[in-house]
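All remarks here apply to the structure that follows.
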């Protein structure tokens, strides 16, 4: 997929700290219960840490008990790219930012307590919280 925002690895390394680069550009996963946005409950918008594209609203955030910030839907399905991930001997759905291709986390269909049944399980380090953003 061609992304609206593209950079070389060197440019991404200059723009992101080493942990952000490892997760966003190399698809690493932060440790559960370690993310700064896990307990963020204020109204606002969660944006891609790499390119600031809007991804999730606080109204779709829920406590999944998984140790990572979880959302039941993105701001729009054009905001994310879903891709099959066969790493670690399992089949999962990887969630990428549709604007820059950065790794955000994974999508699971194990949240019956939500309106969609989906759990977008995101890495905190992949997101930036914008408490000043208006939500629709």
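Structure notes:
- Just one of the numbered conditions (1) surrounded by 19 or more Cβ atoms within 10 Å (Cβ to Cβ); (2) without any contact (Cβ under 8 Å) to a residue 12 or more places away in the chain; (3) out of contact with any helix residue (DSSP H, G or I) (no Cβ under 8 Å at 6 or more places or on another chain) is not true of residue 77: (1).
- When the range 10-40 is limited to residues that are touching a helix residue (DSSP H, G or I) at 6+ places or on another chain (Cβ under 7 Å) and surrounded by fewer than 16 Cβ atoms within 10 Å (Cβ to Cβ), the one that is nearest to residue 128 (Cα to Cα) turns out to be 36.
- Filter result for residue 91 (under 18 Å from residue 49 (Cβ atoms) and either at pLDDT below 95 or crowded, with 16+ Cβ neighbours inside 10 Å (or both)): no
The values are calculated or read from the model by the stated rules, or taken from the named source; none is laboratory data. Values in this document were obtained by computation on a predicted structure and should not be read as measured data. Cβ coordinates were reconstructed from backbone atoms using ideal geometry, including for glycine residues, and neighbour counts include every protein chain displayed.
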